[in-house]
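K.L.:
What follows is a single structure, and I will ask about it in a moment.
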Amino acid sequence: MAKDKTPADAPTLRPTSWAVLGLLSFGSELSGYDLKKWADWSLRFFYWAPSYSQIYSELRNLEAHGFATSRVVSTNDVKSKRLYAITPAGTDAVATWANESPVEPAVLKHGVMLRMWLGHLADPDKLQSALTEHRDQSEKMRIRAIADAEGASEEAGWAYPELVLRWSEMYYESERDRANWMLENISRLGSDKSSAGKARRKKPEPRTPDELRKHED
């Protein structure tokens, strides 16, 4: 994964490191299991939820930089767990990153849209099925974002995460509505189910991107 560009006085860490350090910045000692649960609760709506292996790898990296510390505590006679906490240096580092790192364009990797883009090779019924599933998933995420935002609203320290969760609610609502819009258009384009086969048999002479581009920003 590519590394973020950061100010000269901040280390160059992977985005996952900043995400994990950010979770620790809310002030609690957390285990890797706890961090995964918090990531699933909040980060997944607008970034992604790292795996356990990613979380533990980043925790080791953060400890090596002096941004986090850990200690092992016994929970009963058999099990013990390692708890992680942010250090003052870690707080300073993540604050510097949040305040001073350059704003970069959001990168969208939309698997369903990639399949739509290849619609001339696809079965219209399967395209509709994929879009319908995506629409339903978006609606489920919207409902979950609402529930998590309401939970965040009850914690004074989670005012900013609540804003992001409200943004996530609007994002998934828009994603749901765009999927419905595409379903209407797919239905129109796919009225002749043989169109995909015809497109494969008769290919137009391709044009260059410069010929297709209407204007430059």
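The values are calculated or read from the model by the stated rules, or taken from the named source; none is laboratory data. Model, not experiment: these values are computed from the prediction. Cβ atoms come from the backbone with ideal geometry, glycine included; neighbour counts cover every protein chain shown. These accessible areas exclude ligands, DNA and RNA; they are computed on the full protein's heavy atoms, side chains included. Shrake-Rupley method; radii C 1.70, N 1.55, O 1.52, S 1.80 Å.
K.L.:
With +1 on the Cβ of every Lys and Arg and -1 on the Cβ of every Asp and Glu, and nothing else charged, how large is the dipole of the stretch 36-143 about its Cα centre, in debye rounded to the nearest 20?
P.N.:
Values: 14 positive and 12 negative charges, 78 e Å.
In total the dipole reaches around 380 debye.
K.L.:
Taking each pair of distinct Cα atoms in the stretch 1-156 once, what is the resulting Kirkwood hydrodynamic radius in Å? Could the numbers behind the result be given before it?
P.N.:
Details: mean 1/r = 0.0550 Å⁻¹.
Value: 18.2 Å, from the Cα pair sum.
K.L.:
Take the solvent-accessible surface of the protein heavy atoms, probe 1.4 Å, and return the percent of it on the stretch 105-190 that carbon and sulfur atoms account for.
P.N.:
Values: 3300 of 5740 Å².
Carbon-and-sulfur percentage of accessible area, whole number: 57.
K.L.:
Please work out the FRET efficiency for the pair D177 and Q128, using the Cβ-Cβ distance as r and a Förster radius of 22 Å; give the result to the nearest 0.05.
P.N.:
Details: r = 16 Å, r/R0 = 0.75.
It comes out at approximately 0.85.
K.L.:
Rank-order 12-18, 68-74 by packing density, defined as the average count of other C-beta atoms within 10 Å over each peptide's residues, highest first.
P.N.:
Details: 12-18: 18.7, 68-74: 12.9.
Peptide ranking by packing, descending: 12-18, 68-74.
K.L.:
A further question follows. Between their Cα atoms, which of K37/K79; K81/K140; K81/K109; K37/K140 are more than 25 Å away from each other? Intermediate values should be presented prior to the final figure.
P.N.:
Details: K37/K79 20 Å; K81/K140 33 Å; K81/K109 36 Å; K37/K140 18 Å.
Result: K81/K140; K81/K109 exceed 25 Å.
K.L.:
In addition: Could you work out how far the C-alpha centroid of the stretch 141-171 sits from that of the stretch 50-90, in angstrom?
P.N.:
26 Å
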